[in-house]
Amino acid sequence: MGFLADSVNRISPSQTIGMATKARELQAKGRDVISLSAGEPDFDTPDNIKAAAIAAIGKGYTKYTAVDGIPELKSAIKSKFRRENGLDYDTGQISVGTGGKQVLFNALVATINPGDEVIIPAPYWVSYPDIVRFAGGVPVVIDTRLEDGFKLRPQALETAITAKTKWFIFNSPSNPTGAAYRHGDLKKLTDVLMRHPHVWVLSDDIYEHLVYDDFRFVTPAAVEPGLYERTLTMNGVSKAYCMTGWRIGYGAGPAALIKAMAKLQSQSTSNPSSISQWAAVEALNGPQDFIAANNKVFKERRDLAVSMLNQAAGLSCPSPEGAFYVYPSCAGAIGRKGPSGKVIGNDEDFVGALLDAEGVAAVHGAAFGSSPFFRISYATATPALVDACERIQRFCAGLRA
Ligand SMILES: Cc1ncc(COP(=O)(O)O)c(C=O)c1O
C-alpha cells in the first residue's frame with residue numbers, strides 16, 4: 001500500500017508476540033492450548049514492588065516526569081551497576097525507557113544512518129534485525145552453531161566487521177537459546193572488538209539474573225574497560241523482577257548517546273509511566289532474595305524440559321545456563337509426515353502441526369534466524385510444562401516416514 005512509509009514496510013510484526021496471540025485466541029475459543037511461546041515469567045510481581053506503586057499513586061506521583069527517568073530511579077540504577085557489575089555511571093549516562101525494547105529502539109534509531117551495518121549473532125531476539133531495518137541499517141547476521149552451545153566464535157565476529165559496522169549486538173544469556181557467556185568466552189570477543197575502535201557494543205543484559213548452576217554473569221564493559229566509552233549496557237526489570245507489564249527498561253553509556261536517546265524519546269513517548277518508575281525503584285533497591293527462589297524453580301523446569309525433550313523422537317535439546325528458554329533442534333522431524341498426512345518441511349511446519357495436533361504453542365527457529373529449531377519458554381507452571389512436554393513426545397512419536 002503506497003500510503004505506508006518504506007520504514008514500516010521494511011519490518012515485520014514480532015513473530016513471538018504473533019504466536020502468543022494465536023495461542024490466546026485458540027484458548028478463548030475453548031481449545032486446550034498450552035502456550036510455551038511467551039517470554040515472561042509466570043510468577044507474580046513481588047508484593048513490596050506492588051506496594052511501592054500503590055504508595056506512589058497515593059502520593060500523587062501521577063504526573064509527567066523527566067523524559068528519561070526520575071532522579072530516584074536513576075540513582076537506584078547507578079547503585080545497581082556499581083553493586084552488581086562493578087560499573088560506574090553518572091546520572092547523565094543513564095536512560096530509562098518504556099521497557100528495554102524502547103531503550104534499544106532509541107539507541108539504534110538515534111545512531112544508525114542508511115547503510116550502517118549492525119552485527120547480530122543468530123539465533124537472535126526477533127526485534128533486533130527489524131529495529132535495525134526500521135532505522136535504515138543493514139543487519140549482518142552471523143550464525144552460531146549448536147555444537148558451540150550457540151556461542152559466537154571470535155573469528156566469526158572478526159570476519160563480519162567492516163568499515164561500515166556501527167554496532168555489535170550482544171545478548172547473554174540469550175533469547176532464544178539461553179546461551180550464556182562466561183568471562184573467558186566474552187574476553188575473546190572483547191579482544192576482537194578492541195582491535196576495531198569504530199564498532200560500538202550494545203549489550204542486552206535483560207536476562208542477567210536468570211542464570212543457573214555455578215554461572216557468574218559478566219557484561220562487556222566490565223570485562224574490558226577499554227570498551228566502556230563505546231558500550232551501551234542495557235537492562236530492565238521485566239524478567240528478573242516479574243514486571244513485564246510495567247514497562248521499565250534502562251541503559252547506561254556515553255553521555256552524548258544518552259542525550260540523543262532522550263531527545264528521541266521526548267518526541268515520541270516522553271517519560272515511562274511515573275508509577276512504574278517508582279515500582280522499579282523498589283525493585284532495584286528492595287530485597288532481592290525472591291530472585292534466587294524463582295531461579296531454583298526455573299532451574300528445575302529447565303532440567304525437566306531438557307530431559308523430556310531429549311526423550312522425544314527426532315529432537316535434540318542442549319541444556320543452557322541462562323534465561324528461561326530451551327532451543328531444541330527438530331532436524332530429526334523434518335521430512336516426516338504429521339498427523340494430517342502433510343510433510344513437515346521446516347521448523348515452521350513443525351510448530352504449526354504441533355499446535356494443531358496437540359495444542360502446544362512454541363515458536364519456530366526461523367523467527368530467530370536459525371533453523372531447524374524451535375523455542376520453548378519454560379516460564380510456565382510446572383504441571384503445564386510437563387503436560388506440554390508429554391504432548392511433544394507423543395507428537396514426535398507419531399510422525400511417520
Ligand atoms: C533479549 C531481550 N531483550 C529485550 C527485551 C525487552 O524487554 P522489555 O521491553 O520487556 O524490557 C526482551 C523481551 O522479551 C528480550 O527477550
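The values are calculated or read from the model by the stated rules, or taken from the named source; none is laboratory data. As the structure is a prediction and not an experimental result, all values here were calculated from the model. Please note: Cβ atoms are built from the backbone with ideal geometry, for glycine as well, and neighbour counts cover all protein chains shown.
Go through the stretch 150-205 and give me each residue that's within 17 Å of the chain's Cα centre (by Cα), more than 15 Å from LEU227 (Cβ to Cβ) and either part of a loop (DSSP other than H, G, I, E, B) or free of Cβ contacts under 8 Å to residues at least 40 places away in the same chain (or both). Of everything in the stretch 150-205, those that are within 17 Å of the chain's Cα centre (by Cα), more than 15 Å from LEU227 (Cβ to Cβ) and either part of a loop (DSSP other than H, G, I, E, B) or free of Cβ contacts under 8 Å to residues at least 40 places away in the same chain (or both) turn out to be PHE150, LYS151, LEU152, PRO173, SER174, ASN175, PRO176, THR177, GLY178, ALA179, ALA180. For the stretch 322-339, filtering for residues that are in a loop (DSSP other than H, G, I, E, B) and either out of contact with any Pro (no Cβ under 7 Å at 6 or more places or on another chain) or within 15 Å of the ligand (Cβ to nearest atom) (or both) leaves 8. Take the conditions within 10 Å of the ligand (Cβ to nearest atom) and within 12 Å of the chain's Cα centre (by Cα) and apply them to TYR250. Does it pass? Judged against the criteria, TYR250 is not a match.
Give the residues of the stretch 69-106 that are in a helix (DSSP H, G or I), out of contact with any helix residue (DSSP H, G or I) (no Cβ under 6 Å at 6 or more places or on another chain) and within 16 Å of the ligand (Cβ to nearest atom), sorted by residue number. The answer is ILE77, GLY99, GLY100, LYS101, GLN102, VAL103, LEU104. For the stretch 132-147, state whether one or more residues are touching a Phe, Trp or Tyr at 6+ places or on another chain (Cβ under 6 Å) and either part of a helix (DSSP H, G or I) or more than 16 Å from the ligand (Cβ to nearest atom) (or both). Looking for residues that are touching a Phe, Trp or Tyr at 6+ places or on another chain (Cβ under 6 Å) and either part of a helix (DSSP H, G or I) or more than 16 Å from the ligand (Cβ to nearest atom) (or both), one finds none in the stretch 132-147, hence no. Taking the criterion of being in contact with a helix residue (DSSP H, G or I) (Cβ under 9 Å, 6 or more places away or on another chain) and either under 21 Å from ASN106 (Cβ atoms) or within 16 Å of the ligand (Cβ to nearest atom) (or both), the only residue of the stretch 180-197 that qualifies is TYR181.
Give me a count of the residues in the stretch 52-76 that are under 23 Å from the mean Cα position of the chain (by Cα) and either at positive phi or exposed (fewer than 13 other Cβ atoms within 10 Å of the Cβ) (or both). Of the residues in the stretch 52-76, 1 are under 23 Å from the mean Cα position of the chain (by Cα) and either at positive phi or exposed (fewer than 13 other Cβ atoms within 10 Å of the Cβ) (or both). Looking only at the stretch 171-188, decide whether some residue is more than 30 Å from TYR241 (Cβ to Cβ) and either surrounded by fewer than 24 Cβ atoms within 10 Å (Cβ to Cβ) or touching a strand residue (DSSP E or B) at 6+ places or on another chain (Cβ under 6 Å) (or both). The answer is yes; a qualifying residue exists.
Here THR98 fits the description: over 23 Å from PHE368 (Cβ atoms) and under 16 Å from the mean Cα position of the chain (by Cα).
When the stretch 5-23 is filtered for residues that are under 21 Å from PHE368 (Cβ atoms) and either in a helix (DSSP H, G or I) or at pLDDT below 90 (or both), the ones remaining, listed by number, are SER12, PRO13, SER14, GLN15, THR16, ILE17, GLY18, MET19, ALA20, THR21, LYS22, ALA23. Each residue in the stretch 108-131 was checked for being farther than 28 Å from PHE373 by Cβ and in a helix (DSSP H, G or I), and 3 of them qualify.
Could you run through the stretch 350-366 and say how many residues are surrounded by 24 or more Cβ atoms within 10 Å (Cβ to Cβ), in contact (Cβ under 8 Å) with a residue 60 or more places away in the chain and assigned to a helix (DSSP H, G or I)? Matching residues across the stretch 350-366 total 2. Residue under question is ILE49, and the condition is that it be modelled with pLDDT of 95 or more, within 16 Å of the ligand (Cβ to nearest atom) and under 26 Å from the mean Cα position of the chain (by Cα); does it hold? Criteria met by ILE49.
Filter the stretch 247-289 down to the residues that are out of contact with any helix residue (DSSP H, G or I) (no Cβ under 9 Å at 6 or more places or on another chain) and part of a helix (DSSP H, G or I), then identify the one that is farthest from GLY86 (Cα to Cα).
Narrowing the stretch 247-289 to residues out of contact with any helix residue (DSSP H, G or I) (no Cβ under 9 Å at 6 or more places or on another chain): 256, 266-267, 270, 288-289.
From the residues that got through so far, the ones that are part of a helix (DSSP H, G or I) too are 256, 266, 289.
Details: ALA256: 22, SER266: 30, ASP289: 20 Å.
Across the stretch 247-289, the extreme among qualifying residues is SER266.
Here CYS389, CYS317, CYS330 are screened, and the one residue that is in contact with a helix residue (DSSP H, G or I) (Cβ under 8 Å, 6 or more places away or on another chain) and over 23 Å from ARG145 (Cβ atoms) is CYS389.
Figure legend. Inter-residue proximity from the stretch 77-101: first residues surrounded by fewer than 17 Cβ atoms within 10 Å (Cβ to Cβ) and at pLDDT 95 or above, second residues of a type in the set (A, V, I, L, M) and in a helix (DSSP H, G or I), beta-carbon distance below 6 Å, spacing 6+ or different chains. Indicated pairs: GLY86/ALA222; GLY92/ALA255. On inspection, ALA66 passes the criterion of being more than 15 Å from the ligand (Cβ to nearest atom) and aliphatic (A, V, I, L, M). Within the stretch 52-76, the set of residues being within 13 Å of ASN271 (Cα to Cα) and either small (Gly, Ala, Ser) or modelled with pLDDT under 95 (or both) comprises ALA66, GLY69.
Scanning the stretch 202-216 for residues that are away from the ligand (no atom under 14 Å from the Cβ) and either crowded, with 23+ Cβ neighbours inside 10 Å or aromatic (Phe, Trp, Tyr) (or both) returns TYR212, PHE215.
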